[in-house]
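Trainee: Pasting a structure here, questions to come.
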């Protein structure tokens, strides 16, 4: 009888993971869902992402498998705890390195910001130069990237001021099954005002159950005149997080 119950529990867990992988972007994870998140369940979740074409999830799985057992347990508990959203919000507030103790094991968390900028002269244009600027914010725990939001903008300038908006592109990766993350809106293709190009995007973050039923809208804005003169700003709908004023990058 015990073996039969274990078999049924295992099948229910697999059914949850499969259903979640298909519909996680449109559904809310309940407290009972968070309760079944185990190292084995997380591995199966990552394998589902890999099978769906998420190449980066393969590296996540490898790094997770390389953790000690107590670190795996602490990592899983961190993903499903209120600390996860708190860490993301702290990162938006400018904090980079944090530590959370999960039942006696410290989880080292790093919030990384990455900038990518390209400056090229478009074909058939001698008067304008195209600049592409990208700003990413990533939460990393135990050296494993779990959630990233990215804004990429393109505009043309005349080596002095911005002259034409080209595009705004949002992106994200999320390998925490308790967190629901989606793009909300952007200012595509951006606009030019006072010699500056402006472009931005918003994301919705939602976690519930064991993660604390937290909802937040976050955004990244980028402005610039030329390749050498560009800034980013980060903001959040959370009342405890002040907006980050323009910072050069």
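Trainee: What pairs come out if I take residues in the range 38-56 that are free of Cβ contacts under 8 Å to residues at least 12 places away in the same chain and pair them with residues that are surrounded by 15 or more Cβ atoms within 10 Å (Cβ to Cβ) whose C-beta lies under 8 Å away, six or more apart or interchain?
Mentor: Going by the 8 Å Cβ cut-off, the qualifying pairs are 50/57; 50/61.
Trainee: Shifting gears a bit: State which residue pairs qualify: first residue at positive phi and touching a residue at least 60 places away in the same chain (Cβ under 8 Å) and inside the range 87-109, second residue surrounded by fewer than 18 Cβ atoms within 10 Å (Cβ to Cβ) and part of a strand (DSSP E or B) in any location, beta carbons under 7 Å apart, and separation of 6 or more residues or different chains.
Mentor: Between residues of the range 87-109 that are at positive phi and touching a residue at least 60 places away in the same chain (Cβ under 8 Å) and residues that are surrounded by fewer than 18 Cβ atoms within 10 Å (Cβ to Cβ) and part of a strand (DSSP E or B), the close pairs are 94/244.
Trainee: If I filter the range 18-62 down to residues being in contact with a strand residue (DSSP E or B) (Cβ under 7 Å, 6 or more places away or on another chain) and modelled with pLDDT of 50 or more, which single residue comes out as farthest from residue 183 (Cα to Cα)?
Mentor: The extreme case among them is 60.
Trainee: Considering only residues that are in a strand (DSSP E or B) and in contact with a helix residue (DSSP H, G or I) (Cβ under 7 Å, 6 or more places away or on another chain), look in the range 227-243 and name the one that is modelled with the highest pLDDT.
Mentor: 234
Trainee: Being assigned to a loop (DSSP other than H, G, I, E, B) and either modelled with pLDDT under 90 or closer than 21 Å to residue 136 by Cα (or both) is the filter here; which residues of the range 192-226 pass it?
Mentor: Across the range 192-226, the qualifying residues are 208, 212, 213.
Trainee: Which of the residues spanning the range 157-191 are in contact (Cβ under 8 Å) with a residue 40 or more places away in the chain and assigned to a loop (DSSP other than H, G, I, E, B)?
Mentor: Scanning the range 157-191 gives 159, 160, 161, 175, 176, 177, 178.
Trainee: Of all residues being in contact with a helix residue (DSSP H, G or I) (Cβ under 8 Å, 6 or more places away or on another chain) and in a loop (DSSP other than H, G, I, E, B) in the range 36-62, which is farthest from residue 80 (Cα to Cα)? Just the residue, please.
Mentor: Here the residue is 52.
Trainee: If you don't mind, another one. If we scan the range 112-130, do we find a residue that is part of a strand (DSSP E or B) and crowded, with 19+ Cβ neighbours inside 10 Å?
Mentor: no
Trainee: Which of the residues that make up the range 82-111 are in a loop (DSSP other than H, G, I, E, B) and in contact with a strand residue (DSSP E or B) (Cβ under 7 Å, 6 or more places away or on another chain)?
Mentor: Selection gives 94, 95, 96.
The values are calculated or read from the model by the stated rules, or taken from the named source; none is laboratory data. Being a predicted model, the structure only gives us computed values, none of them experimental. Neighbour counts run over all protein chains shown; Cβ positions are idealised from the backbone, glycine included.
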